[in-house]
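K.L.:
My questions all concern the structure below.
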Amino acid sequence: MPLRLTLHWLALSFLVLAGCSSVKAPAPTATSRPASNVVHVVKAGENLFRIGKAYDISVDELAKANRLKDPNQIFVGQKMLIPGASKQLPVDTIAPVDALPTSHIPLPVEVNDEPLLWPVSGTINSNYGPRGPSFHDGIDIAAAEGTPIQAIEHGEVIYSDQLRGYGNIVIVRHQGGIVSVYAHNQVNLVREGQQVNRGEVIAKVGSTGRVTGPHLHLEIRKNNTAQDPLRYLPQLCCMQASDNLSPKE
């Protein structure tokens with residue numbers, strides 16, 4: 001065979017083999033990032049329900065992740081794995097100890113001898129109380145995205161961050177054991193430790209967290225027990241509560 005033809009066939013063979021080897025080469029395996037987890041140390045007054053509410057995880061999932069035979073039996077100092085969490089949270093600040101039943105609502109309450117301030121103007125589309133199998137710890141006030149949210153009374157910001165379920169959330173502590181909670185905000189405008197005045201804009205209405213539309217989720221707590229906010233707010237002559245457009249919490 002002439003030398004030129006031999007070199008031609010050798011070159012052709014090399015290209016074929018190179019092509020085959022590129023086809024047969026296995027594709028690189030994509031490595032999946034492990035889900036983030038946090039270890040929460042149980043503190044006095046905490047239970048699995050409150051821990052789950054703060055981290056937005058069910059009691060059943062928490063019990064399974066920690067191999068608990070009895071979810072009601074946890075102890076102070078116990079280390080709890082929180083699946084999917086990215087940081088430790090102050091459970092006592094975020095989750096109330098209990099909720100005052102709607103059937104035992106006393107007369108309207110005043111703070112500093114006057115009712116608290118409405119944080120926004122809007123339509124109440126979900127009331128305080130039982131919601132299916134769960135309990136709604138506050139009221140939902142529908143308002144346009146970006147509507148300014150006012151502090152209902154003078155106080156200190158004890159939490160301003162983002163939480164699963166709640167989205168952007170601000171928690172303010174007032175006199176007399178009163179705490180107010182403002183959730184699903186578009187943006188928080190205050191920081192932890194800041195003193196705020198009655199009527200000061202602390203956030204803007206948004207739709208962060210688990211919601212179906214823009215609204216403010218407002219909670220009022222007395223000695224860390226959830227209360228019906230309507231007991232503390234001035235009575236509105238023309239605002240009717242409706243659950244027809246109930247945002248999901």
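K.L.:
Which of the residues spanning segment 60-85 are of a type in the set (Val, Ile, Thr) and surrounded by fewer than 17 Cβ atoms within 10 Å (Cβ to Cβ)?
P.N.:
If the condition is that a residue be of a type in the set (Val, Ile, Thr) and surrounded by fewer than 17 Cβ atoms within 10 Å (Cβ to Cβ), then 76 is the only one that fits.
K.L.:
Here's something else I'd like to know. Would it be correct to say that residue 225 is under 18 Å from residue 98 (Cα atoms), β-branched (Val, Ile, Thr) and either buried (at least 19 other Cβ atoms within 10 Å of the Cβ) or touching a residue at least 12 places away in the same chain (Cβ under 8 Å) (or both)?
P.N.:
yes
K.L.:
When the residues of segment 201-230 are filtered to those that are in a loop (DSSP other than H, G, I, E, B) and over 20 Å from residue 177 (Cα atoms), which remaining residue is nearest to the chain's Cα centre (by Cα)?
P.N.:
Top of the filtered list is 209.
K.L.:
Taking segment 174-205 on its own, how many of its residues are surrounded by fewer than 16 Cβ atoms within 10 Å (Cβ to Cβ) and within 23 Å of residue 97 (Cβ to Cβ)?
P.N.:
4
K.L.:
Right, another one. Among the residues of segment 128-157, what is the count of those that are closer than 16 Å to residue 215 by Cα and out of contact with any helix residue (DSSP H, G or I) (no Cβ under 8 Å at 6 or more places or on another chain)?
P.N.:
Total meeting the criteria: 14.
K.L.:
Moving to a separate point now. For segment 179-192, state whether one or more residues are modelled with pLDDT under 95 and either in a strand (DSSP E or B) or assigned by TED's automatic domain parsing to the domain that holds residue 50 (or both).
P.N.:
no
The values are calculated or read from the model by the stated rules, or taken from the named source; none is laboratory data. As the structure is a prediction and not an experimental result, all values here were calculated from the model. Neighbour counts run over all protein chains shown; Cβ positions are idealised from the backbone, glycine included.
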